[in-house]
Amino acid sequence: MKTRRVYSTHDVEAAQHALQAARQHGVENDDLSLVARGDIELQQIPDDRKEARTDMLPAVARGALGGGAAGLLAGLVAIAVPPLGITLAGAGALTAAGALVGSWSSALMGSTVPDPVRRTFEEQIESGRILLVVDAEPEVLDRAETAITAAGATPLPYDAPSLPA
């Protein structure tokens, strides 16, 4: 399983040097990304290097679970009230509808929540620092870390399992 580490650099040029050092020590090109303040990203960072993940997919899963549970509960309550005339199939339909509405509404909210790296290092990003995000196997990260720091990047206190793409 890949691990994510984050490094801070003072400008885009230093970030590019650190990125190149990581590549030379075995980190795959697709496992490297940069995070910066919006104006810096727009002007100086190529699109294929931008880290743009959000909390959308985990939010969809949580919404489906919560909405499905609420729909199931509503369906079971409706079955218990005979004048409503809801059958087991109706309860299943309410469960599916609840899961759908929960997924949709959670996805909308989750798409606006920035990824954990942006949330954790918001102050660094806003001060103009450029973050290098590296997702790789632990052995590759250990091998590349010395070269990344020698290129001018400072390791930040972030060492977590990589999020799926």
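Derivation of every value follows stated rules applied to the coordinates shown; laboratory data play no part. Nothing here was measured: the structure is a model prediction, and the numbers come from that model. Counting neighbours? That spans all protein chains shown, and the Cβs are built from the backbone with ideal geometry, glycine included.
HN-Hα J couplings of segment 128-140 from phi, Karplus 6.51/-1.76/1.60, θ = phi - 60°, integer Hz, Gly and Pro as x?
With coefficients 6.51, -1.76 and 1.60, one gets x, 6, 10, 9, 9, 9, 10, 10, 7, 5, x, 5, 5 Hz.
Per-residue counts of other Cβ atoms within 10 Å, averaged by peptide: what ranking do you get for 146-152, 12-18, highest first?
Working: 146-152: 16.7, 12-18: 20.1.
Most protected by this proxy first, the peptides run 12-18, 146-152.
Can you compute the modelled spin-label distance between L76 and D159, with each label point 7 Å from Cα toward Cβ, in nm?
In this crude label model, L76 to D159 measures out at 4.4 nm.
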